[in-house]
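First the structure, in the form of structure tokens, and then the observations on it.
The values are calculated or read from the model by the stated rules, or taken from the named source; none is laboratory data. Here the structure is a predicted model, which is why all the values come from computation and not from measurement. Every residue, glycine among them, receives a Cβ derived from its backbone with ideal geometry; neighbour counts consider all protein chains shown. All accessible areas refer to the heavy atoms of the entire protein, side chains included, with ligands and DNA or RNA removed. Shrake-Rupley method; radii C 1.70, N 1.55, O 1.52, S 1.80 Å.
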Amino acid sequence: MLRLDIRPDRITYSFTLKSIAGMGLRRLARDLHGHIMKSGLEFDYFVREQLLKMYVKLDKQELGCKVFDETPERVKTVLMWNVLIDGYCKDGNLDKAKELFYEMPEKSSGSWNSLISGFFRSGDVNGAKELFDRMPDKQKDVVSWSAMVSGLSDNGDHDKALSVFNKMLEVSVKPNKHTVVSALKACAKIGALEAGVQIHDYILNNGLGLNVIVGNALVDMYAKCGNVESATYVFENMKDKDILTWSIMIWGWAHHGNFKKAIECFKQMMYSGIKPDGGVFLALLTACSHSGHVNGGLNFFESMRLDYSIDPTMKHYTSIVDMLGRAGRLTEALEFIEEKMTIAPDFVTWGALFRACWAHKNVKMAELAAEMLSRLEPGHSGSYVFLSNVYAAVGKWEDVERVRKLMQVRGVGKNPGWSYVEIDGQVHFFFASDQTHEYAKEIYLKLEELKTRARKYGYIPETELVLHNIEEEEKEDALGSHSEKLALAFALIKTSPGTIIRIIKNLRVCEDCHHLMKYASKISQREIVLRDEKRFHHFKDGACSCGDYW
């Protein structure tokens, strides 16, 4: 165009600036800026906006700020202010973003939305909430509400995210696909199945459509909320599926301990012509680990490396260690760490071996793993807790006391256990030994009643891992207040007979809680679905879907 001596206009420059920003051509950006200055269009507001956008997108915030500062006040638009505020938010300079925001002569919805997102991005949830509350109602658009839902969920306040989503519907702001995906992610995190079903109904009844992104979020929500059948239904009715869709479904079957379904889904993916990636193979390894198919898992690992040229990540290596350890092949697991890993094992890898040593009462190897864990993260409670449990399991009580005292000396605290349970669309939260719930008295009475009835069926509390220097009755009390038991008792009180009980647990379920859940399913004639940090347990008629292999 320049060779033909055709002079670019404001539209030409605008599209060229967008292209340079999109392609990341930083050097060419300065050259084009020079052309614009010579053209006489430097202070055209339309060109100025695109010039500022380009520098911000190219992470040249200082140049963007210079463009803004040199722009005459009469030319400055609200969009320019918004672009610079958003740039500072993304750059992590929230103070500068706030300074600009409060200097603005006029604020649009985009101004508020950019700063709200900036607060969330920096982890300042209260700041985001306060700003949203101060925002004029007439300026709160779908982007504002979506920023609140996604920001709250991304910062771990999933229950509040769902409350904001419901409030959005109450004030008649129609969610878009981004909003519902964020809300579905919040449901998945806390196991809020009822809320997820309501969102699914909203999607179907309001013409939002089931594209790949929304479909993936629905499949993931149902799988993580314990309803893998509904996840399968949505999956099978999706017209378009990408690699993530298949990966989510395979993960779903893996976490629910259904090895055959996971492999079947993998084969269907291969028949559809989609090539597996590292995420798919990690899901397959998890399925093999949870079901004890060790040789199959090793074959998948080798196929990933040799047939698909996918380099194993730390998660792949850790999955192999976990799989070998669960199966009691501890020597092979240790040899795999020391001889076959091409990257240095991390805390999680050694932790997988440590858990296996505890399960199979291998004290010598547990001590080795504990030593490696304490070197990697001296302040982490996991290695101390598991080592004391290993000693307790083989009756080495002096060593148990030594480890517990070492924790006190080094100021290492144990992560608290907590559980969620959803009742009538409301999520109830329980800590271990929780006395704060409004139904605490009824919960503990119900739990005692359940344990009394369970003993008649043969339930014996697993007290061997509780410190030996307290009476047996006190040991039972220590076990009896685990958060998942409290959630179970509350659900038995507040739900009608036959209702499936779904509980989310942040830690691995202990043996005693696992045993009691089996008896509870038989006594109450209920299905109990428990999601712990590793997998799902489906308790029904006195048995668990894991087959006591977890």
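General observations
- Close pairs from segment 432-460: first open to solvent by 40 Å² or more (accessible area, probe 1.4 Å), partner in a loop (DSSP other than H, G, I, E, B) and among the small types (Gly, Ala, Ser), Cβ under 6 Å, at least 6 apart: Ala432/Gly417; Ala432/Ser481; Ser433/Ser481
- Residue match in segment 274-292 (condition: assigned to a helix (DSSP H, G or I) and surrounded by fewer than 15 Cβ atoms within 10 Å (Cβ to Cβ)): no
- Against the conditions (1) open to solvent by less than 30 Å² (accessible area, probe 1.4 Å); (2) closer than 12 Å to Ile116 by Cβ, His158 satisfies every one except (2).
- Answer from Val294, Val280 - the residue that is within 30 Å of Asn176 (Cβ to Cβ) and not hydroxyl-bearing (Ser, Thr, Tyr): Val280
- Test result for Thr318, open to solvent by 30 Å² or more (accessible area, probe 1.4 Å), under 19 Å from Trp350 (Cα atoms), assigned to a helix (DSSP H, G or I) and of a type in the set (Val, Ile, Thr): no
- Residue count, segment 230-243 (criterion: buried (at least 17 other Cβ atoms within 10 Å of the Cβ) and over 29 Å from Ile423 (Cβ atoms)): 2
- Unique residue being among the charged types (D, E, K, R), more than 25 Å from the chain's Cα centre (by Cα) and within 27 Å of Asp220 (Cβ to Cβ) when the list is Lys518, Lys540, Lys522, Lys505: Lys540
- Restricting segment 96-109 to residues that are in contact with a helix residue (DSSP H, G or I) (Cβ under 7 Å, 6 or more places away or on another chain) and assigned to a loop (DSSP other than H, G, I, E, B), the residue that is least open to solvent (accessible area, probe 1.4 Å): Met104
- Of all positions in segment 69-77, at least one carries a residue that is assigned to a loop (DSSP other than H, G, I, E, B), farther than 30 Å from Ala128 by Cβ and at pLDDT below 75.
- Evaluated against (1) in contact with an Asp or Glu (Cβ under 8 Å, 6 or more places away or on another chain); (2) at pLDDT 65 or above, Leu479 falls short on exactly one condition, (2).
- Among (1) modelled with pLDDT of 95 or more; (2) buried (at least 18 other Cβ atoms within 10 Å of the Cβ) - the single one Asp512 does not satisfy: (1)
- Matching residues in segment 525-550 - criterion: being open to solvent by 10 Å² or more (accessible area, probe 1.4 Å), free of Cβ contacts under 8 Å to residues at least 60 places away in the same chain and not in a loop (DSSP other than H, G, I, E, B): Lys540, Ala543, Cys544
- Residue match in segment 308-315 (condition: within 22 Å of Ile337 (Cα to Cα) and acidic (Asp, Glu)): yes
- All positions within segment 323-354 that are free of Cβ contacts under 8 Å to residues at least 40 places away in the same chain, in a helix (DSSP H, G or I), open to solvent by 30 Å² or more (accessible area, probe 1.4 Å) and not hydrophobic (A, V, I, L, M, F, W, C): Thr331, Glu332, Glu335, Glu338, Glu339, Lys340
- Filter result for Phe490 (open to solvent by less than 50 Å² (accessible area, probe 1.4 Å) and under 21 Å from the mean Cα position of the chain (by Cα)): no
- Any hit, segment 212-229, residues being open to solvent by 60 Å² or more (accessible area, probe 1.4 Å), in contact (Cβ under 8 Å) with a residue 60 or more places away in the chain and on the phi < 0 side of the Ramachandran plot: yes
- Cβ separations smaller than 6 Å between residues 6+ apart or across chains give the following pairs from segment 409-430 residues that are among the β-branched types (Val, Ile, Thr) to residues that are modelled with pLDDT of 90 or more and open to solvent by less than 70 Å² (accessible area, probe 1.4 Å): Val421/His428; Val421/Ala487; Val421/Ala491; Val421/Ile503; Val427/Ile190; Val427/Ala192.
- Segment 115-130 residues that are under 15 Å from Leu84 (Cα atoms), paired with ones that are of a type in the set (Val, Ile, Thr) (beta carbon under 7 Å, 6 or more apart): Leu115/Ile85
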